[in-house]
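Working notes, structure below.
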Amino acid sequence: MQKKHLVSLTVLGFTLTGGAAFAQMPNASQQVENVQQRRSLEQAAQSLTGTNVPALYESETSDVGPQSVLKMKPRRMWIQAFADEQYFYTDNMFLADHGQQGADVLVSTVQAALAPTPFEFHGGQLAPRVGYQHRWFNYDLAGSGTVNVYDFNTGTFNTIGLDVFDFNASTVFGDVAWQRENWTFGLGANFLRLLDSGNYNEFYHEYVPRWFVRRDFPLTQTTAISLAYEGDYRATETASPMPVGYTGSFNDRSDHSLVLFGSWRLCSHAILQPVYRFEFTHYTRINRDDLLNSFGLTLYCPLTKNVTLRGFVGYDNLNTDGFYAQHYEQLSAGGGLNLTVNF
């Protein structure tokens, strides 16, 4: 039993260094990506089902009778600022096969970008962006869970609280999307750094070029179905310690996803979005391929033009043939609140 426990912890990548309470968060980049995917789907849901500005009462925009309005050129926006708080429970915070650990998670996000109002380009709308995003991941705020970790310096196990695995994600990004009728094409890139929450030491970074194409199928004025392909390549560097014989770039990989989701505007204050994602990941430095199936259901509630409340539930199932990797299942549920300002 002790030997099995040791293998499990080593695979997860837990480590204590220098006797200090610092631990690397296993699969942290995947957890950052999961949060980002929820944000992208929220933007798609709002764009497909109309404006997120709810009317104050039924027929608000039609009770003043016929109007004669002068055509005015809308003011172009240049800057977008975004803040978000997401709080949820996961039954497998380490994305592990054995010894799953449940915990509550708080993800706080701030973002600022140069994001001019889309402009006409070759018969469509072109939307470029460049900016910076920072996220804080905090675990077990409402609990007092502990886990045994292996100290590579002393060769012993130590018991620490789950909050030791708190980390930060710092991202510089740039992208451009071109939309024409029901098609959207996009290219982008970002540089992500993962930092511990103690001394802000970096334990992982990646350069990620991305690309995607999406086809929307509007069914009514309030419902739509979308099918998308998303791809990327991740050039990575992972801090020590790492599996024997591996280099810091052993996490280099390419992801290819098919995403099917629906958007249904229930009323002016509610958008329902079911989603399914199939993702194939090929690691280019080691012999490993992953298959990830994700299911989710989210209810978005636009409160004002700039503020949105949401609740969600999701299930992930990953299968892998990697020697040091693990299969895992994860169920998560929670909610979030965000504020977006354009000027």
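The values are calculated or read from the model by the stated rules, or taken from the named source; none is laboratory data. Keep in mind that this is a model prediction, so the values were computed, not measured. Here the Cβ positions follow ideal geometry from the backbone for every residue, glycine too, while neighbour counts run over all protein chains shown.
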So which residues in the stretch 244-285 are among the β-branched types (Val, Ile, Thr), at pLDDT 95 or above and more than 22 Å from Thr184 (Cα to Cα), if there are any at all?
Thr281, Thr284
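So that you can scan it fast, the table gives a plain yes or no per residue for (1) charged (D, E, K, R); (2) without any contact (Cβ under 8 Å) to a residue 12 or more places away in the chain; (3) not in a strand (DSSP E or B):
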position	(1), (2), (3)
Gln86	no, no, no
Asp104	yes, no, no
Ser108	no, no, no
Thr117	no, no, yes
Pro128	no, no, no
Gln133	no, no, no
Gly143	no, no, yes
Leu192	no, no, no
Take Ala239 and tell me if it is surrounded by 14 or more Cβ atoms within 10 Å (Cβ to Cβ), of a type in the set (Gly, Ala, Ser) and more than 30 Å from Phe261 (Cβ to Cβ).
yes
(1) hydrophobic (A, V, I, L, M, F, W, C); (2) without any contact (Cβ under 8 Å) to a residue 60 or more places away in the chain; (3) over 25 Å from Phe82 (Cβ atoms); (4) not in a loop (DSSP other than H, G, I, E, B): which one isn't true of Leu309, the others all being true?
(3)
Within the stretch 145-183, count every residue that is out of contact with any Asp or Glu (no Cβ under 6 Å at 6 or more places or on another chain), part of a loop (DSSP other than H, G, I, E, B) and not aromatic (Phe, Trp, Tyr).
6
Restricting to the stretch 226-243, and then to whatever is at pLDDT below 95 and hydrophobic (A, V, I, L, M, F, W, C), can you tell me which residue is farthest from the chain's Cα centre (by Cα)?
Met242
Residues (surrounded by fewer than 19 Cβ atoms within 10 Å (Cβ to Cβ) and either in contact with a Phe, Trp or Tyr (Cβ under 9 Å, 6 or more places away or on another chain) or at pLDDT 95 or above (or both)) located in the stretch 302-319
Leu309, Gly311, Val313, Tyr315, Asn317, Asn319
Please find, within the stretch 117-162, the residue that is farthest from Gln31 (Cα to Cα) out of those that are in contact with a helix residue (DSSP H, G or I) (Cβ under 6 Å, 6 or more places away or on another chain) and at pLDDT 85 or above.
Gly145
When you look at Phe137, is it touching a Phe, Trp or Tyr at 6+ places or on another chain (Cβ under 6 Å), surrounded by 13 or more Cβ atoms within 10 Å (Cβ to Cβ), touching a residue at least 40 places away in the same chain (Cβ under 8 Å) and under 22 Å from Gln86 (Cβ atoms), yes or no?
yes
Single unsatisfied condition, Val164 versus (1) surrounded by fewer than 14 Cβ atoms within 10 Å (Cβ to Cβ); (2) touching a residue at least 60 places away in the same chain (Cβ under 8 Å); (3) of a type in the set (Val, Ile, Thr)
(1)
Among the residues of the stretch 275-288, which ones are of a type outside the set (Phe, Trp, Tyr), assigned to a strand (DSSP E or B), surrounded by 14 or more Cβ atoms within 10 Å (Cβ to Cβ) and out of contact with any Phe, Trp or Tyr (no Cβ under 7 Å at 6 or more places or on another chain)?
Arg277, Glu279, Thr281
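Of the residues that sit in the stretch 207-232 and are among the hydroxyl-bearing types (Ser, Thr, Tyr) and out of contact with any Asp or Glu (no Cβ under 8 Å at 6 or more places or on another chain), which one is surrounded by the fewest Cβ atoms within 10 Å (Cβ to Cβ)? First the steps, then the outcome.
Step one: filter the stretch 207-232 for residues among the hydroxyl-bearing types (Ser, Thr, Tyr), giving 207, 220, 222-223, 226, 229.
Retained after the next criterion (residues that are out of contact with any Asp or Glu (no Cβ under 8 Å at 6 or more places or on another chain)): 207, 220, 222-223, 229.
Details: Tyr207: 14, Thr220: 9, Thr222: 16, Thr223: 16, Tyr229: 13.
In this case the residue turns out to be Thr220.
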Exactly one of these conditions fails for Asn319: (1) part of a strand (DSSP E or B); (2) under 30 Å from Phe217 (Cα atoms). Give me its number.
(2)
